[in-house]
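Below is one structure, written out as structure tokens, with a few remarks after it.
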Amino acid sequence: MAIVVPGVTLSSCGLTMPVIGMGTSSSPPVAPETTKAAIIEAIKAGYRHFDTAFAYRTEQPLGEAIAEALHLGLIKSRDELFITSKLWSSFAEKDLILPAIKMSLRNLQLDYIDLYLIHWPLKLSQEVRQMPVIREHIFPLDIKSVWEGMEECKNLGLTKAIGVSNFSCKKLEELLSTAKIPPAVNQVEMNPLWQQKKLREFCKARDIHVSAFSPLGANNTKWGDNRILECDVLEQIAKAKGKTTAQISIRWLYEQGVSTIAKSFNKERMKQNLDIFDWSLTEEESNKISQLPQRKGITFESILGPHDLVLELDAETLNEY
Ligand code: A2P
């Protein structure tokens with residue numbers, strides 16, 4: 001039986017978003033057919049929210065999976081799904097934003113995206129093909145003009161909501177000082193070992209919904225590890241409740257009022273990750289989790305290299321737990 005995932009209303013735009021979305025980024029990358037097949041399984045399991053990005057190269061297989069799900073009758077209409085995609089940093093320039101979202105829409109075979117995010121708070125040159133990059137290819141983001149481009153996407157109906165990803169409080173403040181449409185979402189790394197308390201308080205006070213990526217520590221990826229899945233405290237709680245550490249992490253995120261982007265292409269694990277709605281953590285368990293020592297998993301430096309601008313961005317986010 002498919003699980004029905006509750007929704008959260010994005011207060012700045014009134015849109016409802018399922019609180020668990022499936023991540024589509026694999027590292028190392030997998031064949032598009034594998035991604036497509038996993039998404040179809042996920043729709044059967046009850047996922048209605050999918051997170052992609054131009055940079056993940058999963059917009060096309062997601063689009064094909066949606067078309068097939070409609071053809072198979074797994075969903076009656078595209079409107080039953082919530083699709084998030086992201087503006088890649090090489091297109092983070094006012095005149096390149098409309099062409100970028102239109103390209104994403106073509107990849108996805110859709111007329112609109114539900115939520116379009118600025119992927120990173122910096123701009124990269126269009127020549128960038130691999131990471132790390134040379135300093136000459138990195139530029140500060142012109143937040144005001146890029147956000148105007150994002151607002152245009154929403155005003156034209158190409159996306160229902162707009163937001164950001166990997167933004168610090170400082171970057172959000174800069175954005176809010178000129179935005180006509182406030183960002184609906186800030187999607188950031190968040191899990192029991194990187195709880196983002198400061199950023200969450202900041203966002204709550206400004207009606208910006210926080211969405212958590214790497215809820216399981218991005219295990220098996222180049223930048224992730226097993227620190228969540230094998231965390232002693234989470235393991236003890238999981239054992240006592242007959243759950244898995246992954247479920248404890250996702251349930252904890254749900255109880256913090258954030259939404260979660262969890263990636264699993266494995267049929268059993270993707271079901272497990274949705275099975276968190278008919279039980280809860282005790283106060284004692286939550287207290288234990290809130291006292292866990294904090295460590296950010298992914299830094300811009302680890303992806304882009306130790307450049308001045310990159311280190312500045314990391315420094316902004318590193319004091320926000
Ligand atoms: P797989 O796709 O084989 O299930 P994150 O969401 O933090 O980025 O973590 C994703 C990683 O965690 C992937 O390697 C994924 O592998 C693995 N994963 C996802 N769900 C679970 C789970 N319930 N138990 C163990 N590993 C999981």
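Here Asn166 clears all of (1) modelled with pLDDT of 95 or more; (2) within 30 Å of Ser125 (Cα to Cα); (3) of a type in the set (S, T, N, Q); (4) in contact with a Lys or Arg (Cβ under 9 Å, 6 or more places away or on another chain) except the condition numbered (4). Is there a residue being under 21 Å from Thr84 (Cα atoms), near the ligand (Cβ under 10 Å from one of its atoms), assigned to a loop (DSSP other than H, G, I, E, B) and in contact with a helix residue (DSSP H, G or I) (Cβ under 7 Å, 6 or more places away or on another chain) anywhere in the range 226-235? No, the range 226-235 contains no residue that is under 21 Å from Thr84 (Cα atoms), near the ligand (Cβ under 10 Å from one of its atoms), assigned to a loop (DSSP other than H, G, I, E, B) and in contact with a helix residue (DSSP H, G or I) (Cβ under 7 Å, 6 or more places away or on another chain). All conditions in (1) within 10 Å of the ligand (Cβ to nearest atom); (2) crowded, with 20+ Cβ neighbours inside 10 Å; (3) part of a loop (DSSP other than H, G, I, E, B) hold for Thr221, with the sole exception of (2).
Against the list (1) more than 12 Å from the ligand (Cβ to nearest atom); (2) buried (at least 21 other Cβ atoms within 10 Å of the Cβ), the condition Ala262 fails is (1).
Scan the range 1-26 for residues that are within 16 Å of the ligand (Cβ to nearest atom), among the polar types (S, T, N, Q) and closer than 17 Å to Gln187 by Cβ and report the count.
Count: 2.
Just checking, which of Leu98, Leu117, Leu122, Leu158 is modelled with pLDDT of 95 or more and more than 23 Å from Ile208 (Cβ to Cβ)?
On the way: Leu117 fails: more than 23 Å from Ile208 (Cβ to Cβ); Leu122 fails: more than 23 Å from Ile208 (Cβ to Cβ); Leu158 fails: more than 23 Å from Ile208 (Cβ to Cβ).
None of the others qualify; the one that does is Leu98.
Within the range 65-118, the set of residues being part of a strand (DSSP E or B) and touching a Cys at 6+ places or on another chain (Cβ under 8 Å) comprises just one member, Tyr116.
Taking each residue of the range 263-292 that is on the phi < 0 side of the Ramachandran plot and of a type in the set (D, E, K, R) and looking for partners that are near the ligand (Cβ under 10 Å from one of its atoms) and part of a loop (DSSP other than H, G, I, E, B) with beta-carbon atoms closer than 7 Å, six or more apart or interchain, yields Lys263/Ser25.
When the range 41-67 is limited to residues that are closer than 17 Å to Ala262 by Cβ and β-branched (Val, Ile, Thr), the one that is surrounded by the fewest Cβ atoms within 10 Å (Cβ to Cβ) turns out to be Ile43. Within the range 273-288, the presence of a residue that is part of a helix (DSSP H, G or I), under 17 Å from the mean Cα position of the chain (by Cα), modelled with pLDDT of 95 or more and within 26 Å of Ser168 (Cα to Cα) is excluded.
Of all residues in the range 166-221, those satisfying the criterion of being under 27 Å from Asn287 (Cβ atoms) and of a type in the set (Gly, Ala, Ser) are Ala205, Ser211, Ala212, Ser214, Gly217, Ala218. Each residue in the range 244-255 was checked for being more than 10 Å from the ligand (Cβ to nearest atom) and crowded, with 19+ Cβ neighbours inside 10 Å, and 5 pass.
The values are calculated or read from the model by the stated rules, or taken from the named source; none is laboratory data. Since we're looking at a predicted model, the values are computed, not measured. Virtual Cβ from ideal backbone geometry, glycine too; neighbours counted across all protein chains shown.
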